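The values are calculated or read from the model by the stated rules, or taken from the named source; none is laboratory data. Predicted model, so just to flag it, every value in this text is computed and none were measured. Here the Cβ is made from the backbone with ideal geometry for all residues, glycine too, and neighbour counts use every protein chain on show. When the accessible area is computed, the model is the full protein with side chains, heavy atoms only, and any ligands, DNA or RNA have been set aside. Shrake-Rupley method; radii C 1.70, N 1.55, O 1.52, S 1.80 Å.
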Amino acid sequence: MQQVQPITQDLVLLGGGHTHAIVLRQLAMAPLPGVRLTLITNLVDTPYSGMLPCHISGLYSFDESHIDLRPLTRFAGCRLVMDRAIGLDLARQQVICDRHPPLAYDWLSIDTGSTPATVAVPGAKDWTIPAKPVPDLLRAWELYVAEIEQGPPGPRALAVVGGGVGGVELTLNMQVRLWQLLERLGRSRQDITLHLFHRGAEIAQGRNRSTRRLLQRRFQSRGVQLHLGESVCGVEPLPGDQRRVRCGSGLTVDCDRVFWVTNAAAPSWVKQSGLATDDQGFVLVQDTLQSCSHPQVFAAGDVATMVNHPRPKAGVFAVRQGPPLTHNLRAAVRGQPLKPFRPQRQYLNIIDTGDGSAIASRGPFTFASPWMRAWKDRIDRRFMALFKDFPTLEPPSAHSVDADPSAHSTPATQAPAPPPMYCAGCGSKLGSDALSRALNRVRAMPPVSNGPPNGPDRAQTKDHGSIVVGLEAPDDAAIAQLPVGTLAVHTVDFFRALVDDPYQFAQICVKHCLSDLYAMGATPQTALAIATVPYGRATLQEETLFHLLAGAQAALGEAHTALVGGHTTAGPELVLGFACNGWVAPDGILPKGGLTPGQRLILTQPLGTGTLFAADMAKRAKGRWIEAAIAEMVRPTGPAAACLQRHGVTACTDVTGFGLLGHLGEMAIAAGVAVSLELQTLPLLPGARQTLAQGMVSTLQPQNLQAARLLSNPGDYARHPDYGILFDPQTAGGLLAAVPEAQAIACLQALQTLGYTAALVGTVEPLAAATPPITIRAW
């Protein structure tokens, strides 16, 4: 029996804005025992508004100006769910997501920021670039910069619509980046003209008068064409990828691109959910940052409006709301009184002009100098360091209680009773009610279908007609009908969760477990799940199991494979596996030993999951690297297997725990052949080369290194930067297959057309006597 802290409450953070970034760090420093923390976000890299203009100008890199939420959530012990919220079910206390089943919460905090306001100006939706979402803005900006750099010389024009502080900073910093580019190309600054359209009489409304006048003088001295008192009434395309901006006064301006930086709005689903909102759809919150209509919901940042203290939508307020929101979320979870937050009336504003100077204002005072820029840089870098430099923390014990320095000693803060001692054996099974409810919810989900089935004999199994007893009428065991003249193929695998989103973890696990069947030439038919769900309240266990099985159903549906049953237990961590069954015709088996000299080897998926997730556990992997890896790890293997069969595959294996060299060695030894392996053609996942260089490897890597004995020339390439990838264990890896040389290029192109990052990685050769079977080659 074990003594483990059970999960008793779900705290969900919706959106990865500045406020929630601070909340995550503070909760990491003093965790809430028994509380499962979840962040739902569609951006793993959240832009920091204070540094974004200078990222536009080229002063800050992408990583310097963005908060990477993946290592931050790792530090906080927080589940990361990569998805976009599209609604709330306030009655059921669920977040409705775009690609996940609904996520339940006991407490919810919203910090999604604002979205582009609906633009009624004709042509603006199709022919302008909105300032939000920021990733779209940055992509469009980098494409435009590349267009100038690579295109023919000549005059260029750029327009910005909206003369608020955001439009002002964007214009000035864009100008600096383009000036620097033109100077590097040996061209004149006069080749670029910037236009700023603003319906007001002065730019930067909301700043004091001296700041507004100073900015206007800066615009004039730097040659920016200011169009004040002009309302844009239309944007239309012109030949040569140009745009024309039309104003109500009759003014027209032709330009290359139009950036739209007008007022933003709240996401439409916020008001539709039934939360109390203001006229613009932003969540109305009390001084405690608690929803005025639903006490289980909090909101902060741009998406919220404080009823008693309305303030502009500015990053300074989102940052200041972090500590009070953290305190009140702690208090709510523990049943303590909440504390009010009163934002300051006057606050420091610093506008970066992009040229090494900045304009600071507070109240009626204005200061402009390079010293202001240096001060702002120091403030911004210190803030961003909070989310990059994580202290080493002692793991909390089962009895630990979160420490809140601002909390007074009250009976509510005394240590809770020790958690229960959980039984093993059959006493560890999930309760029948939680299991039944989760299964009923999974059965009620619509079937997954993304096109025609793949692989041989699919027409016979598309509707799972071979299933005699399965989940629809569960019994002590599942029963399937095996077609006459086919052989049954069985495999099993399971492992601990390497991602903390159970829906996504299940998809990865399904892909990993089915790959053995595809590698044998078999058609998957049924799967039995083996799941361990963390200790906790029965309803929370039900929620975890539902997401786990829903993810499994989605991935199995892609493979047209039936989930027919399984077994569940409760334990200290999330574990999942599948016993998978398929069938194959006797002449369709793909043995590992089917290699023939002259064939080419194709790898269907990039390598690097072992090193990347080792770095992820150490909070040293960039979130975008892990997201790119996960995208490959959930990509179905079925279409690749069918493609290989169409191109004459004779031998196949899946590249998993033993790494590429270990699995390739099994093939070569079984066939009695040699292999020439092209090191430089091996496809690598983004970031894998960097994490290998840092020495970040899987704990299985040292054992996999024993496969180096299969190499005829290890000394030639042991110092090559990609050498370590040969021994990297892969979770949900790709297929390694041998096809005739005449079919190799066509097969590779077909796989790439299907979306696989496939590559030709080697050639099968005759084996010389007493020679290790694998030779590395590089260009």
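Points worth noting:
- Net +/- balance of residues flanking R184 in space, Cβ distance below 13 Å, scoring K and R +1, D and E -1: 0
- Amide N of the stretch 514-532 lying under 19 Å from the label point, which is placed 7 angstrom from the Cα of E472 along Cα→Cβ: 525-529
- Values of log10 I(q)/I(0) for the stretch 1-159 across q = 0.11, 0.20 Å⁻¹ run -0.58, -1.31, by the Debye formula with one identical scatterer at each alpha carbon and no solvent.
- For the stretch 187-340, the solvent-accessible area with a 1.4 angstrom probe is 44 square angstrom per residue.
- Residues whose amide H comes within less than 5 Å of that of I67, counting only those at least five positions distant or on another chain, are T46, Y48 (H built at 1.01 Å from N in the peptide plane).
- Calculated accessible area for the stretch 55-153 comes out at 42 Å² per residue, all protein chains present (probe 1.4 Å; ligands, DNA, RNA ignored).
- Rounded to 5, percent antiparallel among DSSP beta bridges of the chain: 60
- According to the Cα-based calculation, Rg over Rh for the stretch 652-779 is 0.94, with Rh computed by the Kirkwood formula.
- With the convex hull of its Cα atoms as the shape, the stretch 1-73 has an orientation-averaged projected area of 6.1 nm².
- Annotation: amide H of V675 within the under-5 Å range of E765, I774, T775, sequence separation 5 or more or interchain, hydrogens built in the peptide plane.
- The stretch 564-588 residues near the modelled H490 label - backbone nitrogen below 14 Å, point 7 Å along Cα→Cβ: 579-583
- The string of couplings for the stretch 255-264 from the Karplus curve (6.51, -1.76, 1.60, θ = phi - 60°) is 7, 7, 9, 10, 9, 9, 10, 9, 4, 8 Hz, one whole number per residue in order, with x for Gly and Pro.
- Only one of (1) 27.9; (2) 29.3; (3) 32.3 was calculated from the structure for Kirkwood radius over Cα pairs in Å, and its label is (2).
- Phi angles of the stretch 670-683 translate, via the Karplus equation with coefficients 6.51, -1.76, 1.60 and θ = phi - 60°, into HN-Hα couplings of 5, 8, x, 10, 10, 9, 9, 9, 8, 5, 7, 9, 5, x Hz per residue; Gly and Pro are given as x.
- Report note on the peptides 748-754, 599-605, 659-665: ranked by the mean count of other C-beta atoms within 10 Å, highest first, their order is 599-605, 659-665, 748-754.
- Whole-Å distance, taken between Cα centres, linking the stretch 605-677 and the stretch 45-62: 36
- Segments 503-510, 761-768, 188-195, 555-562 sorted - mean Cβ within 10 Å per residue, highest first: 503-510, 555-562, 761-768, 188-195
- When peptides 276-284, 360-368 are sorted by average Cβ neighbour count within 10 Å, with the highest value leading, the order is 276-284, 360-368.
- Around the amide H of T731, modelled in the peptide plane, lie the amide H atoms of T609, G610, all under 5 Å away and 5 or more residues distant in sequence or on another chain.
- Based on Cα contacts under 8 Å between residues 6+ apart, the chain shows a relative contact order of 12 percent.
- Convex hull per residue volume in Å³, alpha carbons only, for the stretch 594-716: 118
- Prolate/oblate/rounded label for the stretch 153-283 (Cα gyration tensor, a/c 1.5): prolate
- The calculated 222 nm mean residue ellipticity attributable to helices in the chain amounts to -9500 deg cm²/dmol, summing -39500 (n - 2.57) over DSSP H runs of n ≥ 4 and dividing by all residues.
- Helix 432-443 and the long axis of the chain differ in direction by around 80°, with both axes built from C-alpha atoms.
- Distance from the stretch 470-528 to the stretch 259-289 (C-alpha centre basis), Å: 45
- Tail beyond 17 Å, pair distance distribution of the stretch 266-381 (Cα, percent): 61
- Anisotropy class assigned to the stretch 547-593 is prolate, per the alpha carbon gyration tensor with a/c at or over the 1.5 cut-off and a/b larger than b/c.
- Proximal aspartates and glutamates to K592, defined as alpha-carbon separation beneath 12 angstrom and excluding residues fewer than eight positions away on the same chain: D516, D654, E666
- Here the stretch 663-742 exposes an accessible surface that is 51 percent carbon and sulfur, computed with a 1.4 Å probe and the other protein chains kept in place.
- In sequence order, the stretch 740-750 has phi-based couplings of x, 4, 5, 9, 4, 5, 5, 5, 4, 5, 5 Hz under the Karplus curve 6.51 cos²θ - 1.76 cosθ + 1.60, θ = phi - 60°, and Gly or Pro positions carry x.
- Over 23 Å [Cα-Cα, the stretch 218-323], rounded percent: 51
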